[in-house]
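These notes concern the structure reproduced below.
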Ligand SMILES: Cc1cc2nc3c(=O)[nH]c(=O)nc-3n(C[C@H](O)[C@H](O)[C@H](O)COP(=O)(O)O)c2cc1C
């Protein structure tokens, strides 16, 4: 059983719904989780073998949502040692923007700079191709959940 910290970046609610859906699927698969809608480094208190899953949309001109900014700023300024942390990123975006899923890409770069280890390639959900982004997440989860510690 793994413990997954799900960090949400959402402005209009779509990424939040995806995160909640993933949380339900993780519970069904026998894993535990915590959802963080306005994550801070202090609140996360990651321990070795915990998994960090960031589910974020992109807004503005390639920006992360406001509720993810405190976490991103802490990563950028405090450079916590995440060398024992595994992470994945699920990014929601609209492929009509040049800055497609740039928010998810930015968080990935920050986590890599903190030496976190990526558990799987970032998963980008193009909301123009999926009426329900949760359906895309389900397909991704089929491969991702088996990567978690039993
Ligand atoms: C004002 C605005 C700006 C956006 N900018 C981007 C962008 O730069 N890149 C991108 O991939 N998607 C962009 N999007 C699309 C959103 O990321 C997408 O609609 C996503 O599903 C929103 O998720 P949320 O409801 O969790 O915020 C933008 C959407 C809006 C409304």
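Here are a few things to note about the model shown:
- Förster radius 41 Å - calculated FRET efficiency between residue 95 and residue 48 (Cβ-Cβ, nearest 0.05): 0.65
- Centroid-to-centroid separation of the stretch 54-124 and the stretch 1-24 [C-alpha atoms, Å]: 14
- Over the chain, dividing the summed -39,500 (n - 2.57) contributions of all DSSP H runs of at least 4 residues by the number of residues returns a 222 nm mean residue ellipticity of -10500 deg cm²/dmol.
- Calculated FRET value between residue 122 and residue 41, using beta carbons and R₀ = 22 Å, to 0.05: 0.55
- Fewest-first ranking of 127, 7, 54, using other Cβ atoms within 10 Å as the exposure measure: 127, 7, 54
- Between the beta carbons of residue 73 and residue 32, assuming R0 = 41 Å, the FRET efficiency works out to 0.90 to the nearest 0.05.
- If you run the Gaussian network model on the chain, springs between alpha carbon atoms under 10 Å, then out of 119, 68, 92 the most flexible one is 119.
- Overall Cα dimensions of the stretch 3-144, principal axis frame, Å, largest first: 37, 36, 23
- Comparing 37, 67, 96 in a Gaussian network model of the chain where C-alpha atoms under 10 Å apart are linked, the largest mean-square fluctuation is found at 96.
- Taking the chain as a Gaussian network of alpha-carbon nodes connected by springs under 10 Å, the highest mean-square fluctuation of the residues 133, 65, 80 belongs to 80.
Only the coordinates and a few stated rules stand behind these numbers; no lab work does. Please read these numbers as outputs of a predicted model, since none were measured by experiment. Cβ coordinates were reconstructed from backbone atoms using ideal geometry, including for glycine residues, and neighbour counts include every protein chain displayed.
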